[in-house]
Amino acid sequence: MASLMPETARKVFTAETLRSAAKQSERLHVVPLRLRRAIKRFLREQEKPNMKRNVLSLSESFNNIKDVNSMLSTSTSKELVEDPLKSKDQSKRWKIETSYGDTGLKYRDDETVAYVASRMPAVYSACQRILREVRRRLPGFAPTRVLDFGSGTGSVMWAMREVWPRSLERINLVEPSKSMQRAGQSLLLGLKDLPLIKSYDNIQALTQNLDKSEREHDLVMASYVLGEVPSLKDRITIVRQLWDLTRDVLVLVEPGTPQGFSIISQMRSHILWMEKRKCRKSHDSSVEAPKDRETRKSGAFVVAPCAHDGACPLESTGTYCHFVQRLERTTSQRAYKRSKGEPLRGFEDEKFCFVVLRRGQRPRQWPLDGMKFDTLKEQQAKRNPEDLEVDYDDQFESEAEEEMLDEEDQVSYNSDVPETDAGDRDEELEEEEVEESPADLGSGWGRIIFSPMRRGRQVLMDVCRATNRDGSEGAFERVVITQNKNPTLHQQAKRSFWGDLWPFSGKDLEDGSTLQQEEPKSLKPL
């Protein structure tokens, strides 16, 4: 695969399309009305007592799993990643037998209802944010067959229907909890134009019930599930199985904690290492590849969030790569979640770590190659004096509009829209798609890690970027954008947020002439 976009694509970038392509984060997400209605209907039918206590108990269970994961020794983790077939007795002590293999939590009815009320909207919002980026970074990618491992109550499936509503034909769900399966089915009642949905208790049941030609999926996703497998060896086994079931794209998502980052980093390193080893063996050996592997693309690369396929520069630095999606709380979340002595906010921030891997070779494109930006002096020289005139009539009109807005109720939230089943469901029209500029997968797109800092005419950003053209290595750098040197990119930097992309040119590898760069004194966030 040489490239996902034609060679001329990088020359059509303008300041506006560049800014649109770089914008990946979403400031505030509102859970779709149809999902909020489904959750409210499900909770009304269950009528479980002590809901607040159940929600608190579920949160404590997640914390216990996090404590177990943190007890895995670093040395054992390193050895298993480098050689996952090597047996280690130390990794077996955390085993808890379930249908997954080894997992730390079984969802029963009370836990399932508490999960739907408190966690499902946040998990949905994070997954929807990730899948939206996959769509923008892979413009021609439209999955038809999908596998959702650890599907739970169907958060990923709801997100996929929002991102690819027309292409989905079949979704296979793997979920050992019967309570979770029943909840997921109940939430889908009344929805139209659903793809074919099949549920399985484990991966073995999936492979046994599908023909060999039907086992590969365009998109495989495992969200918030690997952290429930305390044994690192079993996590690697599961991810290897999921990768074998992947025809094109694999997505792994975990909570935005140091433990979640460690899991994602280990799985990312293992898949890249495994595919590099396969490529070396295929080049060194004259043996022909099996027929079922001939059509599969060789190699693997990271679609997101990394701009490269090298070792993570944040490993062993005391900080970790994660992102945040803010969402307006639903009525069920505000009803059952507890606050620490303060009024519960109308929104919450869902922190998550993720990696998106694709089969094939990384395209080599640099967004700023061939682009020229005027300096501030050059822009001022071209300025038309008429542009400096102020229309006072428009100014007074806007001030009047602001006064009218001040009189309105500022406390309401979009999530307070009545979540009843009244009305014709056909009126629930899909939101109009906003025109988005696709961001190609060249190594010239860096990732903004942590929130940028604005200091007068300077913007400081911590960016993870590639250090060579093929994207095989990367580094974590502090980039300084000044208004005098490049006002166009400075304007884009002022509008950038944590999680957005940042463009580079191939020339930045040579002398850093486009942007000022400085090595961060520490790897702590700005």
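Miscellaneous remarks
- Qualifying strands (runs of 3 or more DSSP E) (wholly inside region 448-499; at least 2 residues being among the hydrophobic types (A, V, I, L, M, F, W, C) and open to solvent by less than 60 Å² (accessible area, probe 1.4 Å)): 458-466, 474-482
- Where strands (runs of 3 or more DSSP E) fall wholly inside region 99-216, the ranges with 2 or more residues that are free of Cβ contacts under 8 Å to residues at least 60 places away in the same chain, within 27 Å of Leu43 (Cα to Cα) and hydroxyl-bearing (Ser, Thr, Tyr) are 196-200.
- Hey, Ser155 open to solvent by 10 Å² or more (accessible area, probe 1.4 Å), touching a helix residue (DSSP H, G or I) at 6+ places or on another chain (Cβ under 9 Å) and farther than 13 Å from Asp218 by Cα or not: no
- Every test in (1) more than 24 Å from His270 (Cα to Cα); (2) open to solvent by 20 Å² or more (accessible area, probe 1.4 Å); (3) within 24 Å of the chain's Cα centre (by Cα) is passed by Asp234 save one, and that test is (1).
- Some residue of region 64-72 being among the β-branched types (Val, Ile, Thr), modelled with pLDDT under 95 and either in the same structural domain as Lys233 (by the TED database) or open to solvent by 60 Å² or more (accessible area, probe 1.4 Å) (or both): yes
The values are calculated or read from the model by the stated rules, or taken from the named source; none is laboratory data. For clarity, every value in this text was computed on a predicted model and none was experimentally measured. Here Cβ is always computed from backbone atoms with ideal geometry, including for glycine, and neighbour counts include all displayed protein chains. Heavy atoms of the whole protein, side chains included, go into the accessibility calculation; ligands, DNA and RNA do not. Shrake-Rupley method; radii C 1.70, N 1.55, O 1.52, S 1.80 Å.
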